[in-house]
1. In the Gaussian network model of the chain, springs joining C-alpha atoms below 10 Å, which of Arg119, Arg85, Arg22 carries the largest mean-square fluctuation?
2. To the nearest 20 Debye, how big is the dipole of the chain about its Cα centre, given +1 on the beta carbon of each Lys and Arg and -1 on that of each Asp and Glu?
3. How large is ³J(HN,Hα), in whole Hz, for each residue of segment 104-115 in order, when computed from phi with the Karplus curve 6.51 cos²θ - 1.76 cosθ + 1.60 and θ = phi - 60°, using x for Gly and Pro?
4. Assuming a ≥ b ≥ c are the square roots of the Cα gyration tensor eigenvalues, decide whether segment 116-186 counts as rounded (a/c under 1.5), prolate (otherwise, with a/b larger than b/c) or oblate.
5. Quote the charge dipole size of segment 15-106 about the Cα centre in Debye, to the nearest 20; the model charges only the Cβ of Lys and Arg (+1) and of Asp and Glu (-1).
6. Mind listing which GluC sites (Glu not before Pro) in segment 1-44 are in a DSSP loop and have 16 or fewer other Cβ atoms within 10 Å?
7. First check a/c for segment 1-77, with a ≥ b ≥ c the square roots of the eigenvalues of its C-alpha gyration tensor; if it is under 1.5, answer rounded, and if not, answer prolate when a/b is larger than b/c or oblate otherwise.
8. Where is the GNM fluctuation largest for the chain (alpha-carbon springs, 10 angstrom cutoff): Gln72, Gln128, Gln118?
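Rule-based calculations on the coordinates, nothing more; no lab input. Just so it is clear, the model here is predicted, and its values are computed rather than measured. With ideal geometry, Cβ positions are generated from the backbone for all residues, glycine too; neighbour counts draw on all protein chains shown.
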Amino acid sequence: MRILLVEDEPDLGAALERSLKREKYVVDWVMNGTEAWEFLENPWTQYTLAIFDWLLPGITGLELCQRLRSSQNPLPVLMLTARDRLEDRVVGLDAGADDYLVKPFGMAELLARLRALQRRSPQLQPTQLQVGNLVLDYKTSTVSVLDATGTPQQIPLTAKEFQLLECFMQHPNQILSRDQILSQLWQVEVDSVSNVVAAQTRLLRRKLTQYGLDHLIETVYGMGYRFNTHESE
């Protein structure tokens, strides 16, 4: 799950980025609305949620919402602002924001509001994703393999391994290129020639091999990787 965070206060932005990453979100943090709009127009990145500060250099958070809705983009948006008047909340919601959070706020409340937006959004995700005998649980952020009796055995994964396996499980039997995986699971500033995808895939394979899933992720040379569903059954 990928979030676009647009916040020009360095301390708040850094704190939000840390908290969101702990919740296993991939976070692109930018500090002005003009750069944010460039990210939103990039066809290689698909966001699950967006967090916009109201007052931003360049394009304001309000204007970002208006642009999204005029382009028929249904991306759920949480607006952050110090404006606490009812009139301001109405303006923000009418511009296209889905929810409104007044500063200062608690991180627990922000995370709860994001979860609520996900449940209400057109991109609603199920609580679990199962492919063969692999079960990915969104509520607990865990992955388990089911034995012959259906008893789950949890596979300990890092946050990035969880995200990578989720990406593969969402596209069973499809070839995913290195660039597709990179654009979905790593922040935009990651070097496009980095070997981070190959390195992370090796680590994930090593974990899966310990649970008898030796050939689950296939390397398709010159093209990318494929998640073979018959190997997970």
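1. For the chain, modelled as a Gaussian network with Cα springs under 10 Å, the answer is Arg85.
2. 580 debye
3. x, 9, x, 4, 4, 5, 4, 5, 5, 5, 5, 4
4. oblate
5. Computed charge dipole of segment 15-106: roughly 280 debye.
6. Glu23
7. Taking the square roots of the gyration eigenvalues as a ≥ b ≥ c, segment 1-77 is oblate.
8. Gln72
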